[in-house]
1. For region 130-162, which residues satisfy the criterion of being surrounded by fewer than 20 Cβ atoms within 10 Å (Cβ to Cβ) and more than 30 Å from residue 106 (Cβ to Cβ)?
2. If residue 206 satisfies every condition in (1) modelled with pLDDT under 95; (2) surrounded by fewer than 16 Cβ atoms within 10 Å (Cβ to Cβ); (3) in contact with a strand residue (DSSP E or B) (Cβ under 9 Å, 6 or more places away or on another chain) but one, which is the exception?
3. For region 31-47, indicate whether the set of residues that are in contact with a strand residue (DSSP E or B) (Cβ under 6 Å, 6 or more places away or on another chain), more than 22 Å from residue 126 (Cα to Cα) and surrounded by 17 or more Cβ atoms within 10 Å (Cβ to Cβ) is non-empty.
4. Looking at region 92-103, can you tell me whether even one residue there is modelled with pLDDT of 95 or more and buried (at least 16 other Cβ atoms within 10 Å of the Cβ)?
5. Going through region 211-231 one residue at a time, which ones are outside any helix (DSSP H, G or I) and either surrounded by fewer than 17 Cβ atoms within 10 Å (Cβ to Cβ) or modelled with pLDDT of 95 or more (or both)?
6. Could you check how many residues of region 1-41 are modelled with pLDDT of 95 or more and within 17 Å of residue 56 (Cα to Cα)?
7. When residue 82 is evaluated against the numbered criteria (1) in contact (Cβ under 8 Å) with a residue 40 or more places away in the chain; (2) farther than 20 Å from residue 186 by Cα; (3) out of contact with any helix residue (DSSP H, G or I) (no Cβ under 6 Å at 6 or more places or on another chain); (4) crowded, with 20+ Cβ neighbours inside 10 Å, which criterion, by number, is the only one it fails?
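The values are calculated or read from the model by the stated rules, or taken from the named source; none is laboratory data. Treat the numbers as computed from the prediction; the structure is a model and nothing was measured. Note: ideal-geometry Cβ built from the backbone for every residue, glycine included; neighbour counts use all protein chains shown.
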C-alpha cells in the first residue's frame, strides 16, 4: 500500500457548500476509506438543518458511522455575541461592497469559533493518528471573519506544532483562495451534491435569500452559470 493511502485526514463538514466541496477534494485525494468526518453543533439558528445536511452528505459519500463524529458545542450559545446563536440579535443583511471593509464584521461572526472548532479537530486527529485536517475556509469571507484569513491558518498550524504530542498535524484550506463561483465549478467537477448543502443563516425550511450567506451563494451560482438546487423564499 502506498504511503498516501495509509494517511488519514479529518474533514470538517458544516453542511454548507464550502465544506462540501472541501470534502469532495479530500475524498479525491485520500479516498473514502481514509477520511474521518467531524461536525459541530454550536446552538446556531439552523443547527437542525445543518446536522441533517451533514448526515445526508456523509451518507452520499458512504462514510461509516465509525468514521464520523458529531460534537456538541452549545456552550457557544451561552457565550453569545453572534446573531447565529443569539436570536435577540438580527442577522446582518447583505451590504454589497461594504463587506470589503475589514473594519466591518457582520453580526453573524461567532467569537473565536473556528479556533475552538479546530482545537477539537486537532484533538480528534491526535486520537486517530490523522495528519491532515481539512476546513472549508474562504478568504472571500475574510473581510467579515478574521478566522478565515490565510495568515490565521499559518498561525494555527504553528500552535499545533507546539501543542501536540507528535508533529505532522496540519490544517489545510484547499478552497481558501477560490471565489465562490470557482468553488462551485470545482464542486461540479468533483460531482459534489450541492442539493444536500445549506447556506442560509436564518431559516431551516426554505432559504431566506437575503442574508449575507444566501446572497453570496446565489450570486456565485449565477456567475458559475448553474442553477442553485435548493429552494429560496420569494422576496
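1. 131, 161, 162
2. (1)
3. Yes: one or more hits.
4. no
5. 225, 226, 227, 228, 229, 230, 231
6. Here the count works out to 22.
7. Single failed check for residue 82: (1).
Residue-wise test of (1) closer than 22 Å to residue 15 by Cα; (2) touching a helix residue (DSSP H, G or I) at 6+ places or on another chain (Cβ under 7 Å); (3) in contact (Cβ under 8 Å) with a residue 40 or more places away in the chain.
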| site | (1), (2), (3) |
| --- | --- |
| 114 | yes, yes, no |
| 126 | no, no, yes |
| 145 | yes, no, yes |
| 190 | yes, yes, yes |
